[in-house]
Amino acid sequence: MSKKNLDWANIGFGYMVADKRYVSNYKDGKWDEGTLTEDSTVTLSEDAGVLHYAQECFEGLKAYETEDGKIVTFRPDLNAKRMVDSAKRLEMPAFPEDRFIKAVEEVVAANKDWVPPYGSGATLYIRPVMFATGNVIGVKPADEYQFRIFVTPVGPYFKGGAKPIVVKISDFDRAAPHGTGNIKAGLNYAMSLHAIVTAHDEGFAENVYLDAESRTYIEETGGANIIFVTKDGGLVVPQSHTDSILPSITRRSIVQVARDVLGMNVEERPVKLSEVPEFVEMGLCGTAAVISPVGKINDHGKEICFASGMDDMGPVMKKLYDTLTGIQMGRIEAPEGWIHVIE
């Protein structure tokens, strides 16, 4: 078998229907055996719980080809664990972590012709999703669910290099204290859509959300965690008093790379908006882009400009980006258990 005949470097970040996807259904208190299918459609009752009470959670990870021709995924065990946490918070039946990883392996192997070639900058995006399919009118959890994993090839997030972006301090809140900000549920993203469209209309790339309780602490953006660099080259990672920040797998990996591989001083703590001007670099981190550099923040007309400027990714962010992507692509030795090879 051979790779699909695609212009890999120019496919963009969108959905293409690949050959196979994995589906398992939960009914009568248990998950069925699950299967690969060519059917990319979902049929639901008009009374399905997902449509009324938003019982839905999802994950995002990637498969890619390394320099030596292997197809690998990056830390899928953390995605499996986070999806269990999301399901529990939404009163959904957790899909077992070992089955999650096996399903990822099956889907990627069945779609290996869709894995972009090494060096193209493109990757195979993997989207596990779980939602309530059972009928429910009263406000309560449904009793039937579907777990599904599909894949789609996506182009490089940054075409022509990662240019720093301009973000704004949002007047909207992303997550309530002790709410659902720390799980990957569609409902968190639904409420961010109006805010991001508003930000784009005003000429900004993203929103920076403050804590909803005091509106003084930095939390995250609509789709990524935030990291900062201090004047002396240390890493500062915002934490929440009220557990309202999503535990990004990319962020956790960056922290470990910074501390253990690069020997940087790392602080994970609450970060006040008032101290942000003291930092020299800022980045947004997530699966899609790994690190997006931020050149400046607009706080209601007042600009916070970072020393790293608007031309290129700052030197510390660049070192973190190069090290983490080097580990992912097999150019740098990975910490144990990080690289999961698909046979």
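Output the relative contact order of region 96-172, whole-number percent, from Cα pairs under 8 angstrom with separation of 6+ residues.
29
For region 158-209, with only Lys/Arg (+1) and Asp/Glu (-1) charged at the beta-carbon, what is the dipole magnitude about the Cα centre, in debye rounded to 20?
Using only the charged Cβ atoms, the result is roughly 280 debye.
Once a ≥ b ≥ c are taken as the square roots of the eigenvalues of the Cα gyration tensor of region 199-343, is the result rounded (a/c under 1.5), prolate (a/b larger than b/c) or oblate (a/b not larger than b/c)?
prolate
For region 137-159 and region 206-281, what is the separation of their C-alpha centers, rounded to whole Å?
27
At 7 Å along the Cα-to-beta-carbon direction for both V197 and D19, put a label point, then send me their distance in nm to one decimal.
With each label placed 7 Å out from Cα toward Cβ, I get 3.9 nm.
Quick check for you: with a 1.4 Å probe and neighbouring chains kept, what is the accessible area per residue of region 230-327, in Å²?
Ligands and nucleic acids excluded, the result is 41 Å² per residue.
Keeping all protein chains in place, calculate the accessible area per residue for region 28-154 (probe 1.4 angstrom), answer in Å².
About 43 Å² of surface per residue is accessible.
In region 194-303, what trypsin sites (Lys or Arg not before Pro) fall in a loop by DSSP, with at most 14 other Cβ atoms inside 10 Å?
Hits after loop and neighbour filter: R215, K231.
Along the charge dipole of region 203-343, which of V290, M310, I249 sits closest to the positive end, that is, farthest toward it, with unit charges on the beta carbon of Lys, Arg, Asp and Glu (+1, +1, -1, -1)?
About the Cα centre, the residue reaching furthest to the positive side is M310.
Over the chain, calculate the relative contact order: mean separation of alpha carbon pairs under 8 Å at least 6 apart, over the residue count, as a percent.
19
As a test of reading the structure, rank I196, I304 by solvent-accessible area (1.4 Å probe, protein chains only), most first.
From most accessible down to least: I196, I304.
Just how large is the dipole of the chain about the Cα centre, in debye to the nearest 20, putting +1 at every Lys and Arg Cβ and -1 at every Asp and Glu Cβ?
340
Which percent of the accessible heavy-atom area of region 1-158 goes to carbon and sulfur, probe 1.4 angstrom?
50
What are the DSSP H helices in the chain that stretch 18 Å or more along their long axis, judged by alpha-carbon atoms, and whose average Kyte-Doolittle hydropathy comes to at least -1.0?
97-110, 186-201, 315-328
Using a Gaussian network model on the chain with a 10 Å cutoff between Cα atoms, which of T41, T216, T152 fluctuates the most?
Residue with maximal mean-square fluctuation among T41, T216, T152: T41.
Among S308, S244, S45, which one shows the highest mean-square fluctuation when the chain is modelled as a Gaussian network with alpha-carbon springs under 10 Å?
S45
Decide, for region 84-205, between rounded, prolate and oblate: order the square roots of the alpha carbon gyration tensor eigenvalues as a ≥ b ≥ c, take rounded if a/c falls under 1.5, and otherwise choose prolate if a/b is larger than b/c, else oblate.
Cα axes put region 84-205 in the oblate bin.
Which of rounded, prolate, oblate describes region 292-343, given a ≥ b ≥ c as roots of the alpha-carbon gyration tensor eigenvalues and a/c under 1.5 marking rounded, otherwise prolate only if a/b is larger than b/c?
Prolate, because a/c is 1.5 or more and a/b exceeds b/c.
Can you list the trypsin sites (Lys or Arg not before Pro) in region 150-180 that are in a DSSP coil and have 13 or fewer other beta carbons within 10 angstrom?
K159
With springs only between Cα atoms under 10 Å, which of G29, G330, G134 fluctuates most in a Gaussian network model of the chain?
G29
What lysines does K319 reach when the alpha-carbon gap must be under 25 Å and sequence neighbours fewer than 8 apart in one chain are set aside?
Within the straight-line cut-off, K319 pairs with K62, K70, K159, K163, K231, K296.
The values are calculated or read from the model by the stated rules, or taken from the named source; none is laboratory data. Since we're looking at a predicted model, the values are computed, not measured. Neighbour counts are summed over all protein chains in view; Cβ atoms, including those assigned to glycine, are modelled from backbone coordinates with ideal geometry. SASA here: full protein model, heavy atoms, side chains in, ligands and nucleic acids out. Shrake-Rupley method; radii C 1.70, N 1.55, O 1.52, S 1.80 Å.
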